[in-house]
Amino acid sequence: MRINLTSVLVDDQAKALDFYTDVLGFEKKTDFAAGEARWLTVVSPDDPDGVELVLEPDEHPAAGPFKQALVADGIPFTSFAVDDVEAEHARLVAAGVEFTQPPTAMGPMTTAVFDDTCGNLIQIASMAAS
């Protein structure tokens, strides 16, 4: 068993695609009509055949309150691995990304949390070299 898809709930798929590709650096993998929405996925350019992130419309009635509660409590919806949180934080701040938590050491891990502009907080994390 392996993970091949995971989702992030977004308030606007076109805006999410722009942010996740142009700002974060993911690449569009799949994009086709799926009813009123799109089946829209992005992947890491380092692993184009790896796990796909579905930019999932947040139209279900439970999605809004769920996302709002997580943001209100400062809880990231998901986490992405990066080689160097400090460097990625600097790159994203320069691109206009708003962080709710600056790079913070937590034992062997460093994390930071940003607003994805689509209603979610997203964490980036890296492990200290051992």
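Of the candidates 56, 98, 27, the single residue that is more than 18 Å from residue 5 (Cα to Cα) and either open to solvent by less than 80 Å² (accessible area, probe 1.4 Å) or at pLDDT 95 or above (or both) is 98. Under the condition of being closer than 20 Å to residue 8 by Cα and touching a residue at least 40 places away in the same chain (Cβ under 8 Å), the residues counted in segment 84-107 number 2. Within segment 48-83, the set of residues being in contact (Cβ under 8 Å) with a residue 40 or more places away in the chain and either among the acidic types (Asp, Glu) or touching a Pro at 6+ places or on another chain (Cβ under 8 Å) (or both) comprises 52, 56, 58, 70, 83.
For segment 39-65, what are the residues that are closer than 18 Å to residue 117 by Cβ and either of a type in the set (D, E, K, R) or part of a helix (DSSP H, G or I) (or both)? Step through it out loud before you land on a result.
Looking only at segment 39-65, we keep the residues that are closer than 18 Å to residue 117 by Cβ, and these are 40, 42, 53-59, 63-64.
Passing the criteria: 56, 58, 59, 63, 64.
For segment 60-80, the set of residues classified as out of contact with any Leu (no Cβ under 9 Å at 6 or more places or on another chain) and loosely packed, with under 12 Cβ neighbours inside 10 Å consists of 61, 62, 65, 68, 69, 72, 73, listed by residue number.
Of the residues examined, residue 17 is one that is in contact with a strand residue (DSSP E or B) (Cβ under 8 Å, 6 or more places away or on another chain), touching a residue at least 12 places away in the same chain (Cβ under 8 Å), over 21 Å from residue 125 (Cβ atoms) and open to solvent by less than 30 Å² (accessible area, probe 1.4 Å).
The values are calculated or read from the model by the stated rules, or taken from the named source; none is laboratory data. Computed from a prediction, not measured in an experiment: that's the story for all the values here. For neighbour counting, all protein chains shown are included, and Cβ atoms are generated from backbone atoms with ideal geometry for every residue, glycine included. Areas reflect the complete protein model, heavy atoms only, side chains present, ligands, DNA and RNA absent. Shrake-Rupley method; radii C 1.70, N 1.55, O 1.52, S 1.80 Å.
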